[in-house]
Amino acid sequence: MTQQVRRMAVLGGGITGLSAAFYLMKYAAERGERAEVTVLEASDRLGGRVNTLLRDGFVIERGPDSFLGRKLPMIRLAEELGLTEELTGTNPAAKKTYIARNGVLHPMPQGLTLGIPADIDKFMETGLISDEGKRRALEEMDIPRSSDTSDESVGAFLERRFGREMVTGIFEPLLAGIHAGDLYRLGLQATFPQFKEMEQQYGSLIRGMTENRKTAQINSGAAVPAAGGTLPASVFLTFRGGLSTIVEALAQRLRSEGCDIRLGARVVSLAKASGIDGKQAVYRLELSDGSTLETDGVISTLPAYAAVDLLQPHMETAALTNIRYVSVANVVLGYDAADFGAELDGSGFLVPRSENRQITASTWTSAKWLHTAPEGKRLIRCYVGRAGDEQGVELPDEELTAAVRRDLQDLMGLSAAPVFVEITRLRHSMPQYPVGHVDAIAALRELLARRLPGVLATGAAFGGVGLPDCVEQGREAAAALIQSVR
Ligand code: FAD
């Protein structure tokens, strides 16, 4: 008897899509089933936002530069691909992070966990917040927990508990930076659900962090126990050859197992080809070149705006159209150490919105990640663009470089001329989860399962933007599809 072949298409060849394809093949093999997996990627390269450039001995990240080690899916995937030896952590000597205030870089107070002061003595020493702002922040311990459990914006929640100055001076640069977002528009439940949980459990975030500092440090990713003694003990991890290492390993493994990976394959529509009245649906995907692909199951890992194009003919998609995307630019500057003239005694700095600078944050890459620059060189990375302030992203290269260099000179006294500048514009790259996102996505997925059984939608727009979240979402979608497609 011939074995039934299950045809499955993964839309998008970013980290979510490649992880989904990997786990589809793995789970099918574990069940003794044959799976025909096709990855359809619109661009001419795999990896999506993950994009490492190796240049003159530098390891330059044009998208993400690392991932949280305490979230295990990425580490597990690296293990499955035999990449554990390639993992590396941050330089323990580059611990300090600065925040700009009135054009001056202040060290971030020690004992802050996700911006919450867990060490009050150290917090009282900071020049980042006025005495009045500190007094107001500490009143947090006496503010009763809210009885309203509905979602709200991160900004509204934190301002209610800590006051406005803490939000603009510390929380906004620290937390909004992760999403290049506006704290007053980002939904708490989808971005920092642990804050609400802590408020409910302890009645105060400061008290929760202080009483349970050990747990709090783990929650903020402050320490990664080396699993089996082989992983670097570091909050953030990456691969020595850059994050594209895992993309290349995934692609190689998938191809060697017979997965069909198609580049330049933009999916433009999704239609039900058959499968009415309870029978297994078959879907027809149309590509921009007019070709079609029939498949029994689909995992879409497309950005929300691209997923909408496919799903809108079949169902309500407001949960996706409500997700705005912010554009950012990544400006990487390489220097000769001999000319550099500035001290890199930390991992970089954050710039609050109120400072009115082009740079929103800067990583002192060669100090934070020792493998990224050759001997005698320095590498600095600057982020430009955030929600409500994206004009800088579209400045011509020369103007953008000049603006970034001006900020570097003002803030850290760096006037040396770089030996090279690499600019990457990541348009519509940062999904902004709105208030109510978690419930809206759950409802959308429920409807999707009814309207288009065997079609799943996941990825950075849905359940977390961090690379481990994306890997886990790809894995979960693969597990669900393998269960559902018969
Ligand atoms: P994507 O990488 O966007 O992949 C989606 C793919 O779908 C793309 O390749 C796209 O070309 C393709 N596509 C689109 N439309 C179609 C179509 N119609 N048909 C076929 N294919 C299509 N996370 C971290 O954990 N650590 C970090 O340090 C970090 N830094 C970041 C810095 C920046 C500047 C950015 C932008 C993000 C950062 N992130 C970071 C977040 C993380 O990089 C992303 O959330 C993650 O890479 C998204 O992966 P994905 O596969 O879900 O989506």
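Annotations
Table: residues versus (1) within 19 Å of residue 193 (Cβ to Cβ); (2) under 20 Å from the mean Cα position of the chain (by Cα); (3) modelled with pLDDT of 95 or more.
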position	(1), (2), (3)
437	yes, yes, yes
457	no, yes, yes
470	yes, yes, yes
479	no, no, yes
483	no, no, no
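- Some residue of segment 415-425 being over 21 Å from residue 322 (Cβ atoms), buried (at least 21 other Cβ atoms within 10 Å of the Cβ), of a type in the set (Ser, Thr, Tyr) and within 13 Å of the ligand (Cβ to nearest atom): no
- Among the residues listed as 372, 363, the single one being in contact with a Cys (Cβ under 9 Å, 6 or more places away or on another chain) and closer than 25 Å to residue 54 by Cβ: 363
- Residue list for segment 108-121, filter: in contact with a Leu (Cβ under 9 Å, 6 or more places away or on another chain) and closer than 30 Å to residue 409 by Cβ: 108, 109, 112, 115
- Test: residue in segment 22-31 that is on the phi < 0 side of the Ramachandran plot and in contact with a Ser or Thr (Cβ under 9 Å, 6 or more places away or on another chain): no
- Of residues in segment 427-444 being within 15 Å of the ligand (Cβ to nearest atom) and of a type outside the set (Lys, Arg), the one farthest from residue 175 (Cα to Cα): 441
To keep it simple, each residue is scored yes or no on (1) over 17 Å from the mean Cα position of the chain (by Cα); (2) of a type outside the set (Phe, Trp, Tyr); (3) within 12 Å of the ligand (Cβ to nearest atom); (4) closer than 23 Å to residue 234 by Cα.
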residue: 8; (1), (2), (3), (4): yes, yes, no, no
residue: 26; (1), (2), (3), (4): yes, yes, no, no
residue: 32; (1), (2), (3), (4): yes, yes, no, no
residue: 40; (1), (2), (3), (4): yes, yes, yes, no
residue: 47; (1), (2), (3), (4): no, yes, yes, no
residue: 67; (1), (2), (3), (4): no, no, yes, yes
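- Residue 395 vs. criteria surrounded by fewer than 21 Cβ atoms within 10 Å (Cβ to Cβ), within 15 Å of the ligand (Cβ to nearest atom) and in the same structural domain as residue 354 (by TED's automatic domain parsing): no
- Residue among 483, 409 that alone is surrounded by fewer than 22 Cβ atoms within 10 Å (Cβ to Cβ), within 22 Å of residue 26 (Cα to Cα), more than 16 Å from the ligand (Cβ to nearest atom) and without any contact (Cβ under 8 Å) to a residue 12 or more places away in the chain: 483
- Filter result for residue 457 (closer than 30 Å to residue 274 by Cβ, within 16 Å of the ligand (Cβ to nearest atom) and not charged (D, E, K, R)): yes
- Checking residue 404 against (1) of a type in the set (Val, Ile, Thr); (2) assigned to a helix (DSSP H, G or I); (3) in contact with a Ser or Thr (Cβ under 9 Å, 6 or more places away or on another chain); (4) under 30 Å from residue 318 (Cα atoms), the condition it does not meet: (4)
- Screening segment 273-310 for residues that are away from the ligand (no atom under 12 Å from the Cβ) and of a type in the set (A, V, I, L, M) and picking the one that is nearest to residue 8 (Cα to Cα) gives 282.
- Residue match in segment 251-274 (condition: hydrophobic (A, V, I, L, M, F, W, C), modelled with pLDDT under 95 and over 17 Å from residue 90 (Cα atoms)): yes
- Highlighted here are the strands (runs of 3 or more DSSP E) found entirely within segment 1-104 that include at least 1 residues which are more than 25 Å from residue 429 (Cβ to Cβ) and in contact (Cβ under 8 Å) with a residue 12 or more places away in the chain: 5-11, 34-40, 87-89, 97-101.
The values are calculated or read from the model by the stated rules, or taken from the named source; none is laboratory data. Predicted model only: the values in this text are computed from it and were never measured. Neighbour counts run over all protein chains shown; Cβ positions are idealised from the backbone, glycine included.
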